[in-house]
Amino acid sequence: MKKRVIPIIVGLALIIIVVSVILALNDPIVVNDSPKGDLLLYACPRVLLDKCANVDEAISFLSDYDMYSPNPRHSYHLFIGDNTGKSVIVEWIDGQMQVVDGNAVANFILYGVEDTLKFDYDHRYLTMQNQLKDHPTYTVQEAMNLLSMLNQLGYSRWSAIYNLDKLSLDVCFDSNYDTSYSFELQ
């Protein structure tokens, strides 16, 4: 019998900020060791949701901490957005926090990578960027269709659409885009 792992998704706060932790395959583990406080990457979304009302507050908060990754073989980055439409990718390179403005993210470090090289790392990123440039707003179904188009069969564990106007989350698992689960804060 195949085990089914359902992730716990921490993503929406009443103050309307969304945070995702994403594996980045093209960089070594985050290593920081300074006099700053320590923060474990997997605890970061919960802390940001509790403490920050927008992207700028999240960046300010994170700048006071060293980030520690739970996996010694991989690095991670954070995708943070708010209901003003601002979104960033936060990465730690050579012990320093780096912030990249952006509305899309995939499984590779973005900081310092030329746009022409980003396609070499993962075609999904530039495909998503081009789609968003041509069509910046989507219905939930249109957004899910875009994620379906970018799906990596056998690797995509879940796809999620956060609607910060409705305070809702639509998610599907294991590349099954015909069945999605919807959650809405009341």
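Every number here is computed from the coordinates shown, using simple stated rules; none is lab data. Computed from a prediction, not measured in an experiment: that's the story for all the values here. In this analysis, Cβ positions are derived from the backbone assuming ideal geometry, glycine residues included, and neighbour counts consider all displayed protein chains.
Within the stretch 131-151, what residues put their amide N at less than 14 Å from the label point 7 Å along the Cα-to-Cβ vector of residue 113?
none
Report the FRET efficiency, 1/(1 + (r/R0)^6), for residue 33 and residue 152, where r is their Cβ-Cβ distance and R0 is 45 Å, rounded to 0.05.
Working from the Cβ atoms, E equals 0.85.
Rounded, prolate or oblate: which fits the stretch 30-113 when a ≥ b ≥ c are the square roots of the eigenvalues of the alpha-carbon gyration tensor, with rounded for a/c under 1.5 and prolate only if a/b beats b/c?
oblate
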